[in-house]
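In what follows, a structure is listed as structure tokens, so that the remarks can point back to it.
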Amino acid sequence: MKRDSTVQTLVVATMLCVVCSVIVAGAAVGLRPRQQANKRLDKKKNVLIAAGLIQEGQVASQQVIDEKFTENIRPVLIDLKTGKRVDASIVNPDTYDQRVAAADPKQSEPIAPAADLAGIKRREKYAFVYEVIDTGGTLEQLVLPINGKGLWSTLYGFLALDSDGSTVRGITFYEHGETAGLGAEVDNPKWKAIWPGKQVFDESGKIRLEVVKGSVPPSSPNVQYEVDGLSGATITSKGVSNLIHYWLGPDAFGPFLDLLHQPKDATPNA
Ligand SMILES: Cc1cc2nc3c(=O)[nH]c(=O)nc-3n(C[C@H](O)[C@H](O)[C@H](O)COP(=O)(O)O)c2cc1C
């Protein structure tokens, strides 16, 4: 076969394609465990950031993140329907993957369109609540996983509340596909710094926490519930409000928060 013949060119091109695809596929498969480990670490880091135990932008090694997480965070699995803890004999918290469960028909439930404020269609039966405990073992905060649609993507994050389940301590979004400079400003530390201290519920128990369009005037009668909107990104901002209303509402963490708000000596209704 002539070296510069058409057949020879096609053979060389095909061999090159095969070799390259084997290298790329091998790298993708070989690196998957490391990618998954990095994702798990990033989630832990974001739980710690939401709780204010790691500062935004702080470079923290895997060892520091693991140590802080083990020392301060107690992941608890709850049944979203009842708000009660799930026994480890029913679901093993060490192996439970909430993201996988949300997409698995056996481990999740469809959400009625009218209730689907977050636009996620299904929600897992069991969810983690990350209890933040101080050195004396006292419950300090609760970090709740949240997710919902923005403009282009589903945003995944954490909302940290005081142990009373009513006051915001922090918020983070660790994964989304919104536009840099617009919706992706959900990651902006300056915007996230507005959240701590905001109130979730009014006296009647209604969820009032909300991202508004534009800036919140300091004189606003609802200043304790309102967060400035992201400029040029009203749809993402509305998505954040909606997903918070969904996850703190009756179809998600509502039953869990109701139990938390009950007086400790309240006798359950017969
Ligand atoms: C290329 C492009 C990317 C955009 N990305 C976002 C986004 O990530 N989030 C968002 O809410 N709006 C985004 N918008 C703007 C929306 O289309 C819409 O105009 C905006 O949400 C309205 O917000 P405003 O009323 O604050 O201007 C984008 C627009 C363009 C042209």
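Is it fair to say Glu203 is of a type in the set (Asp, Glu) and buried (at least 18 other Cβ atoms within 10 Å of the Cβ)? Here the answer is no, as Glu203 does not meet what is asked.
Looking only at residues in the range 25-38 that are of a type outside the set (S, T, N, Q) and surrounded by 10 or more Cβ atoms within 10 Å (Cβ to Cβ), the one that is nearest to Gln63 (Cα to Cα) is Ala37.
Given the criteria surrounded by 17 or more Cβ atoms within 10 Å (Cβ to Cβ), within 26 Å of Ala112 (Cβ to Cβ) and either touching a Lys or Arg at 6+ places or on another chain (Cβ under 9 Å) or not hydroxyl-bearing (Ser, Thr, Tyr) (or both), does Leu159 qualify? Yes: the conditions hold for Leu159.
Residues that are under 16 Å from Leu159 (Cβ atoms), assigned to a helix (DSSP H, G or I) and either among the aliphatic types (A, V, I, L, M) or in contact with a Cys (Cβ under 8 Å, 6 or more places away or on another chain) (or both) within the range 218-247 comprise Val240, Leu243, Ile244, listed in sequence order. Just one of the listed residues (Glu203, Glu175) is acidic (Asp, Glu) and in contact with a Phe, Trp or Tyr (Cβ under 6 Å, 6 or more places away or on another chain), and it is Glu175. Meeting the requirement of 1 or more residues that are within 16 Å of the ligand (Cβ to nearest atom) and over 20 Å from Pro196 (Cβ atoms), the strands (runs of 3 or more DSSP E) wholly within the range 84-163 are 139-149, 154-162. A single entry from Leu243, Leu230 fulfils the requirement of being within 14 Å of the ligand (Cβ to nearest atom) and in contact with an Asp or Glu (Cβ under 8 Å, 6 or more places away or on another chain): Leu230. When the range 206-222 is filtered for residues that are closer than 21 Å to Ala118 by Cα and either touching a residue at least 12 places away in the same chain (Cβ under 8 Å) or surrounded by 10 or more Cβ atoms within 10 Å (Cβ to Cβ) (or both), the ones remaining, listed by number, are Ile207, Arg208, Leu209, Glu210, Val211, Val212, Lys213. Only one entry in Pro255, Pro263, Pro250 is more than 16 Å from the ligand (Cβ to nearest atom) and modelled with pLDDT under 95, namely Pro263. As for the range 166-180, it holds at least one residue that is more than 18 Å from the chain's Cα centre (by Cα), without any contact (Cβ under 8 Å) to a residue 24 or more places away in the chain, more than 24 Å from Glu131 (Cα to Cα) and assigned to a loop (DSSP other than H, G, I, E, B).
Out of Val91, Val143, report the one residue that is surrounded by 13 or more Cβ atoms within 10 Å (Cβ to Cβ), at pLDDT below 95 and of a type in the set (A, V, I, L, M).
Within the list Val91, Val143, the selection yields Val91.
The values are calculated or read from the model by the stated rules, or taken from the named source; none is laboratory data. As the structure is a computational prediction, the values presented were derived from the model and not from experiment. Cβ: placed from backbone, ideal geometry, glycine included. Neighbour counts: every protein chain shown.
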